[in-house]
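Trainee: Structure incoming, see below.
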Amino acid sequence: MVPSKKEALSENGRAGLLPALKDRAGREGCLNRESMSGLAGQYHLPLNEVYGVSTFYAFLPVLPTGKNIIRVCRCLPCHLKDAQAVIGSIKKELGIAPGETSGDGKFSFELVSCIGACDQAPAMMINDKLYGDLTPAGIAEILKSYA
Amino acid sequence: MAEKRIVLSKCGSIDPQDIGTYIAKGGFIAFIKARDKMKPQAIIAEIKKSGLTGRGGAGFNTGLKWELARSIKAKAKYLLCNADEGEVGTFKDKYILSNDPFGLIEGMCIAGLAIGAQQAFIYLRNEYHFLYDPLVRAVGQVREKGYLKHMDIQVFEGAGAYICGEESALMNSIEGMRGESRYKPPYPPTRGLWGLPTIINNVETLMNVPHIINNGAAWFSAMGTGRSKGTKVFSVSGDVSRPGVYELEMGSTLRELVVGLAGADDLKAVQIGGATGNILPASMLDTPLSHETYLGSGAVVALNSGRDIIDVVQNDMHFLNDESCGKCTPCREGTEVMLEIFGRLARGEGHEGDINSLDALARAMAVSSLCGLGQAAAVPVLDSLRYFYNDYIDRINQSHFLRSYLGGELFKSEEGIR
């Protein structure tokens, strides 16, 4: 939804910015310069302001990502349940390290802050789906379902 | 002592997608009573008298906060429900939102009457995206029943930032800005969202409201301790055989929760309240859990005797460093330096001066950081130094052996050399 100039410049005008950024990132995979400039125009903001907001949030990538994003929790409860082994297994399976995207563009791999699944540690999310009680041996099977 | 389920009383016994099942269990009786038979001032008086305090970690008196917002004349007021549950080891709000969204919405409806808000938001963290549609549908069902004529509720999804659970950062995020903390005062009840009076309450806090309206302040304040009334919902994880969500009366001991209910065995320590929480040795298991002692968000991570406390604090610090919003220097730089020191200790390159540096830095951050993140980042560091000082000394003394051990490991794994 494109706000009118009057709406955009009103006191609450920026309220739509975060949902709009999320929507763009969701549809286009990442926020490139073009989409950020577009939104900057709509909200009458400088581009750097929109870039500043985008880069603040973990779920608003500004660089291209894979088709599926794997987010492995690396906080204490998962760490205690050997998330490191799960991370190692994903590394081996995809041949990429955290922060990288696989060559075929299928997967991006990230280590993230607590995802609130501490009772099912170690846990990860692939896109919006949660996987808990992971084992290093079970990783291949899960990744295969995204092939 | 057994669990005392008040906040969680309807979890599991209703269909979270069907308001009819909630109403059949006595839902919205409290709201109708508050709407038809009570003045806003009477609602606030009841909540204030009950002694209900904020369940997100700060423990401020809820009624007092509402009264502040009520007393200010403004063109609009806002109610925000903080469902940005990002504290490490906390998953109670996820459990509540999944099993009883109507309890939260009823609490919000009553809070809206009390403070005179016309617009409310539920700020839901992006990691709980799977709860977005169910929550929107639940709000829709409440609206259809005609219980939302005085105020509208919008579900607003975050975009992945721990700091947005801090109230002023949360407001910045809704306003479409970077989720950085604001300078206080002014506090949100006087000047909050878009500069207008705003009340921000945790999911669990709002869940208590209908029960207090139904059963009265005296019933509620009969439970708990001096400054901590009612019950608390805990999230237990780590080295326990039954991790999960448990609700206990305030003032129950750590032992009842971690050993009795969650089944911990062979404990060395527990961390209470997430990455910024206190780390207590097993000898303190009989400590009661309340605002007067230790509580935070109610996250409890159990650590067995095989755990390395320095590794635990390093993990906490990694998280805090990552999630520091970067606005104030003590937190942005302090977590960075601490992480560097913990890295050195882990590599066997620590020296005795590191202990003093950690201590001095932690104390400086606690008094000079802008918001709770930087202020409380010091807590696990200072606690580990207080209760596990010898672990640090041993680590430094054994540096030489650690280095030679790690050197060997590096040769064994090809990943090590990169």
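Every read-out reported here was derived from the displayed coordinates using simple, explicitly stated rules and does not represent laboratory data. Model, not experiment: these values are computed from the prediction. Glycine also receives a Cβ, built like all others from the backbone with ideal geometry; neighbour counts cover every protein chain displayed.
Trainee: In whole Hz and in residue order, list the ³J(HN,Hα) couplings for the stretch B:339-355 that follow from phi through the Karplus curve 6.51 cos²θ - 1.76 cosθ + 1.60, θ = phi - 60°; x for Gly and Pro.
Mentor: 4, 5, 5, 5, x, 4, 4, 5, 8, x, 10, x, 9, 4, x, 4, 5
Trainee: Normalised radius of gyration for chain B, please: alpha carbon Rg relative to 2.2 N^0.38 Å, two decimal places.
Mentor: Here the Cα radius of gyration is 1.03 times the empirical estimate.
Trainee: While we're on this one: Bins of 10 Å, beginning at zero and ending with the bin holding the largest distance: percent of Cα pairs per bin for the stretch A:5-56, please.
Mentor: The percentages, shortest bin first, are 26, 60, 14, 0.
Trainee: When the Kirkwood radius is taken over all Cα pairs of the protein assembly as shown, what Stokes-Einstein diffusion coefficient follows at 20 °C and 1.002 mPa s, in µm²/s?
Mentor: 87
Trainee: At 1.002 mPa s and 20 °C, plugging the Kirkwood radius over alpha-carbon pairs of the stretch A:37-147 into Stokes-Einstein gives what diffusion coefficient in µm²/s?
Mentor: Roughly 142 µm²/s, to the nearest whole number.
Trainee: Which FRET efficiency value, to the nearest 0.05, is calculated for A:L47 and B:N390 with the Förster distance at 51 angstrom and r the Cβ-Cβ distance?
Mentor: 0.40
Trainee: Please report, to two decimal places, log10 I(q)/I(0) for the stretch B:156-306 at q = 0.10, 0.12, 0.14, 0.20 Å⁻¹ as given by the Debye formula with identical point scatterers on the Cα atoms and no solvent.
Mentor: Once normalised to I(0) and log-transformed, intensities are -0.46, -0.65, -0.83, -1.16.
Trainee: Per residue of A:66-79, what is the mean number of Cβ atoms on other protein chains within 10 angstrom of that residue's Cβ?
Mentor: 5
Trainee: Using the structure shown, list the pairs from A:K91/A:K144; A:K22/A:K144; B:K48/B:K73; A:K22/B:K73; A:K92/B:K94 with a Cα-Cα distance above 23 Å, or answer none.
Mentor: A:K22/A:K144; A:K22/B:K73; A:K92/B:K94
Trainee: Using the Karplus curve 6.51 cos²θ - 1.76 cosθ + 1.60 with θ = phi - 60°, what ³J(HN,Hα) values do you get for each residue of the stretch A:101-118, in whole Hz, with x for Gly and Pro?
Mentor: Ordered by residue, 3J(HN,Hα) equals 10, 5, x, 7, x, 7, 10, 10, 10, 9, 9, 10, 6, 2, 9, x, 10, 5 Hz.
Trainee: Counting just the Cα atoms, what span does the stretch B:19-221 cover along each of its three principal axes? Round to the nearest Å and put the largest first.
Mentor: 42, 36, 31
Trainee: Could you tell me the calculated FRET efficiency between B:S221 and A:R27, based on Cβ-Cβ distance and R0 = 51 angstrom, to the nearest 0.05?
Mentor: About 0.50, to the nearest 0.05.
Trainee: Among the DSSP beta bridges whose two residues both lie in chain B, what percent are antiparallel, rounded to the nearest 5?
Mentor: Antiparallel: roughly 45 percent of the beta bridges in chain B.
Trainee: If you average the alpha carbon positions of the stretch A:1-79 and of the stretch B:375-410, how far apart do those two centres end up, in angstrom?
Mentor: 40
Trainee: Also, quick follow-up: If you find the alpha carbon centre of the stretch B:257-334 and of the stretch B:1-39, how far apart are they in angstrom?
Mentor: Cα centres, the stretch B:257-334 to the stretch B:1-39: 33 Å.
Trainee: Turning to a different aspect of this structure: List the equivalent ellipsoid semi-axes of the stretch B:309-412 in whole Å, largest first, each obtained as the square root of 5λ for an eigenvalue λ of the Cα gyration tensor.
Mentor: Semi-axis lengths for the stretch B:309-412 are 26, 15, 10 Å.
Trainee: Using each residue's phi in the stretch A:120-134, evaluate 6.51 cos²θ - 1.76 cosθ + 1.60 at θ = phi - 60° and report the 3J(HN,Hα) Karplus result to the nearest Hz, with x for Gly and Pro.
Mentor: 10, 5, x, 10, 8, 10, 10, 6, 9, 9, 8, 10, x, 6, 6
Trainee: Another question about this same structure. Hey, what's the Cα Rg ratio for the stretch B:116-229 versus the globular rule of thumb, 2.2 N^0.38 Å?
Mentor: 1.21
Trainee: Would you calculate a helix-derived [θ] at 222 nm for chain B, using -39,500 (n - 2.57) for each DSSP H run of n ≥ 4 and dividing by the full residue count, to the nearest 500?
Mentor: It lands at -13500 deg cm²/dmol.
Trainee: Counting only other chains, what is the mean number of Cβ atoms within 10 angstrom of the Cβ of each residue in peptide A:107-118?
Mentor: Across A:107-118, the average partner-chain Cβ count within 10 Å equals 6.
Trainee: Which lysines have a Cα less than 20 Å from the Cα of B:K268, not counting those fewer than 8 places away in the same chain?
Mentor: Hits, sequence-local ones excluded: A:K81.
Trainee: Over the Cα atoms of the stretch B:231-304, what Rg and Dmax result, in angstrom?
Mentor: Rg, Dmax (Cα atoms, Å): 10.4, 28.
Trainee: Please report, in whole Å, how far the alpha carbons of the stretch B:56-127 spread along each principal axis, starting with the longest.
Mentor: Each principal axis gives a Cα extent; for the stretch B:56-127 these are 39, 24, 19 Å.
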